[in-house]
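Below is one structure; the comments refer to it alone.
The values are calculated or read from the model by the stated rules, or taken from the named source; none is laboratory data. Source: prediction; values computed, not measured. We place every Cβ from the backbone using ideal geometry, glycine too, and count neighbours over all the protein chains shown. These accessible areas exclude ligands, DNA and RNA; they are computed on the full protein's heavy atoms, side chains included. Shrake-Rupley method; radii C 1.70, N 1.55, O 1.52, S 1.80 Å.
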Amino acid sequence: GAGVSQSPRYKVAKRGQDVALRCDPISGHVSLFWYQQALGQGPEFLTYFQNEAQLDKSGLPSDRFFAERPEGSVSTLKIQRTQQEDSAVYLCASSSGTGELFFGEGSRLTVL
Amino acid sequence: DAKTTQPTSMDCAEGRAANLPCNHSTISGNEYVYWYRQIHSQGPQYIIHGLKNNETNEMASLIITEDRKSSTLILPHATLRDTAVYYCIVRVWANTGFQKLVFGTGTRLLVSP
């Protein structure tokens with residue numbers, strides 16, 4: 001596709017389960033960002049990749065959150081032992097590096 | 001990081017101009033002002049950005065004050081499809097040398113018939 005694709009669009013997890021959220025960026029985009037958006041709030045930065053290198057993970061809330069982009073294309077955000085406070089929309093964005101970020105539609109995680 | 005301040009919500013009649021203000025009084029000289037919008041259940045969408053000159057594209061105009069401490073996004077002829085949350089963002093340099101977007105809570109614009 002032409003845009004950023006995220007899957008699954010919706011995920012319901014029981015507290016304590018592990019989840020994995022996938023992001024397919026626009027082909028050729030070097031930069032990839034993950035954001036977390038709680039209900040009624042603006043997106044909050046989680047982490048940034050340039051190709052396969054994770055250059056900033058300062059926004060990851062805890063060590064239960066882990067992101068990877070092993071081949072510099074698809075990225076996965078993994079959340080271990082999910083908690084209720086992890087319920088949010090997780091947004092992925094990619095950029096060619098010239099400025100504009102292209103966002104996916106997000107993955108909505110609900111932890112029961 | 002530079003912070004932005006926006007009204008929580010605004011109303012606009014269809015066909016009229018929507019003027020969305022933003023304060024960014026602590027902006028640094030090399031930091032850009034970006035505007036994104038987010039329609040319900042979608043990811044944010046880029047609208048426009050600028051450094052110090054006014055900018056216009058097919059979606060909107062961006063007016064930045066001379067001291068760069070505030071800006072206004074103008075949608076010249078608002079339509080119902082412009083109903084969204086509009087984010088004014090300052091693009092800041094992170095310690096690791098890349099630029100990231102720092103979102104606030106945005107302005108919820110409601111365009112009515």
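For the stretch A:71-112, taking the residues that are part of a loop (DSSP other than H, G, I, E, B) and of a type in the set (Ser, Thr, Tyr), the one that is least open to solvent (accessible area, probe 1.4 Å) is identified as A:THR82. Set side by side, the residues A:PHE49, A:PHE33, A:PHE45, A:PHE66 differ, and just one is of a type in the set (Phe, Trp, Tyr) and either open to solvent by 70 Å² or more (accessible area, probe 1.4 Å) or over 20 Å from B:LYS100 (Cα atoms) (or both), which is A:PHE66.
Residue-wise test of (1) at pLDDT below 90; (2) within 16 Å of the chain's Cα centre (by Cα); (3) open to solvent by less than 40 Å² (accessible area, probe 1.4 Å).
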{"residue": "B:PRO21", "(1), (2), (3)": "no, yes, no"}
{"residue": "B:TYR36", "(1), (2), (3)": "no, yes, yes"}
{"residue": "B:PRO76", "(1), (2), (3)": "no, yes, no"}
{"residue": "B:ARG81", "(1), (2), (3)": "no, no, no"}
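Please go through the stretch A:32-46 and give me each residue that is polar (S, T, N, Q) and either without any contact (Cβ under 8 Å) to a residue 24 or more places away in the chain or at positive phi (or both), ordered by number. Once the filter is applied, which keeps residues that are polar (S, T, N, Q) and either without any contact (Cβ under 8 Å) to a residue 24 or more places away in the chain or at positive phi (or both), the stretch A:32-46 yields only A:GLN41. Scanning the stretch B:9-26 for residues that are under 12 Å from B:GLY106 (Cα atoms) and polar (S, T, N, Q) yields B:SER9, B:ASN23. Counted as qualifying within the stretch A:15-70 are the strands (runs of 3 or more DSSP E) with 1 or more residues that are of a type in the set (Phe, Trp, Tyr) and within 23 Å of B:ILE89 (Cα to Cα), namely A:31-37, A:44-50. Among the residues of the stretch B:94-112, the ones that are in contact with a helix residue (DSSP H, G or I) (Cβ under 9 Å, 6 or more places away or on another chain) and either hydrophobic (A, V, I, L, M, F, W, C) or at pLDDT below 95 (or both) come to 2 in all. Listed by position, the strands (runs of 3 or more DSSP E) inside the stretch B:9-113 whose residues that are within 13 Å of another protein chain (Cβ to nearest Cβ) number at least 2 are B:32-38, B:45-50, B:84-93, B:99-102, B:107-112.
Every residue in the stretch A:6-63 that is more than 11 Å from chain B (Cβ to nearest Cβ) and acidic (Asp, Glu), please. Within the stretch A:6-63, A:ASP18, A:ASP24, A:GLU52, A:ASP63 qualify.
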